[in-house]
Amino acid sequence: MSDLVSQLMRSWTDLMDWLYGMFFQQEMDLSILGLPAAGKTTLVTLISRNEMIEDRIPTRGLNMQKYSKGGVTLKMWDLGGQANFRAMWERYCVGASAIVYVVDAADSEKFALSRSELHDLLSKPSLAGIPLLLLGNKSDLPAAVKSEKELAEIFDLASLKGREVCAYSISARNRTNIDITLQWLIAHSSKKS
């Protein structure tokens with residue numbers, strides 16, 4: 001008898017989840033930013049199409065992809081990282097549910113510039129309060145910074161006040177920590193005001 005009750009409860013929960021997803025779909029706008037060759041487009045392609053593309057042409061302007069799971073649709077705006085496109089970053093971050101900043105964790109020569117660009121962007125009053133997820137990509141490479149604590153120190157995340165900040169070490173190529181990245185993003189879909 002208890003197996004029947006348990007099965008009925010599971011069926012009821014599944015039905016309610018399905019109905020909730022049908023009528024209460026949430027869409028989350030994400031701005032995916034970072035310097036050129038950090039792996040932004042690779043990450044977006046991996047999440048949206050579940051495929052890895054090795055040879056990427058640098059994104060000129062922007063690229064938009066969607067991914068849906070559990071009643072949440074992530075609309076990912078992959079923005080070019082070249083100097084002439086960085087001026088557009090603020091425009092695409094206003095009203096975003098979260099800013100995802102991707103860095104090449106194996107290219108320490110670009111850390112100072114990347115940190116400067118990130119802090120400059122987040123100093124804009126129009127972006128106050130928007131959560132930040134910093135992703136140290138390419139953790140599969142030997143020279144990469146693999147510690148989230150070290151990434152947070154290098155990018156001075158403690159100085160970013162008035163917003164939720166999180167950092168993960170990932171590898172889009174090896175799919176390392178992509179699942180926790182998606183969990184963080186989906187968990188923040190309900191926090192959009």
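The values are calculated or read from the model by the stated rules, or taken from the named source; none is laboratory data. Just so we're clear, the structure is a prediction, and the values are computed from it rather than from any experiment. Positions of Cβ are backbone-derived with ideal geometry, glycine not excepted, and every protein chain shown enters the neighbour counts.
When the residues of segment 68-121 are narrowed to those that are under 12 Å from the mean Cα position of the chain (by Cα) and of a type in the set (S, T, Y), which ends up farthest from L43 (Cα to Cα)?
The selected residue is S97.
Identify the single condition in (1) within 19 Å of G80 (Cβ to Cβ); (2) polar (S, T, N, Q); (3) modelled with pLDDT under 90 that S31 does not satisfy, given that it satisfies every other one.
(3)
Of these, A128, A152, A143, which one is of a type in the set (A, V, I, L, M) and touching a strand residue (DSSP E or B) at 6+ places or on another chain (Cβ under 9 Å)?
Numbers: A128 fails: touching a strand residue (DSSP E or B) at 6+ places or on another chain (Cβ under 9 Å); A143 fails: touching a strand residue (DSSP E or B) at 6+ places or on another chain (Cβ under 9 Å).
Being of a type in the set (A, V, I, L, M) and touching a strand residue (DSSP E or B) at 6+ places or on another chain (Cβ under 9 Å) holds for just one of A128, A152, A143, which is A152.
Restricting the search to segment 37-65, which residues are modelled with pLDDT of 90 or more and either loosely packed, with under 12 Cβ neighbours inside 10 Å or part of a loop (DSSP other than H, G, I, E, B) (or both)?
Once the filter is applied, which keeps residues that are modelled with pLDDT of 90 or more and either loosely packed, with under 12 Cβ neighbours inside 10 Å or part of a loop (DSSP other than H, G, I, E, B) (or both), segment 37-65 yields A37, A38, G39.
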